[in-house]
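Have a look at the structure below before the remarks.
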Amino acid sequence: MTGSRFLHVPTSLLVSPLVLAIGALVLLFQFPRNLVAWNIGAWTVVAASVLLALLVPLAAWSLAKNAATRTWPRILAFSACTLYLAALAIGSIT
């Protein structure tokens, strides 16, 4: 084995599902009585959250292993995604 390959998770790949989930939540709050908006918004939140649940551990591994990936935009995106998932977990428990 010559060396290990580092996994690289781009910042845009972390931020995109987060923005999509927040946009879907805004859609849900803007149209509280529209069933179609709730179907689209709820499934979008679920899909974005599942994608974030998969990407955040990979990004954590990337940040821990590779010093070149530790830039402030990537750390900020990782922190925002982790905060979103923590708020989602706390909200689903209570």
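No lab work stands behind these numbers, since they all come straight from the coordinates. Keep in mind that this is a model prediction, so the values were computed, not measured. Quick reminder, even Gly has a Cβ in these numbers, built from the backbone with ideal geometry, and neighbours come from all protein chains shown.
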Can you find a residue in the range 76-92 that is more than 13 Å from the chain's Cα centre (by Cα), surrounded by 14 or more Cβ atoms within 10 Å (Cβ to Cβ) and not small (Gly, Ala, Ser)?
no
Go through the range 54-74 and report how many residues are over 12 Å from residue 9 (Cβ atoms) and in contact with a Leu (Cβ under 9 Å, 6 or more places away or on another chain).
1
Quickly run through the range 7-44 and pick out the residues that are among the polar types (S, T, N, Q) and either in contact with a strand residue (DSSP E or B) (Cβ under 7 Å, 6 or more places away or on another chain) or touching a residue at least 12 places away in the same chain (Cβ under 8 Å) (or both).
11, 44
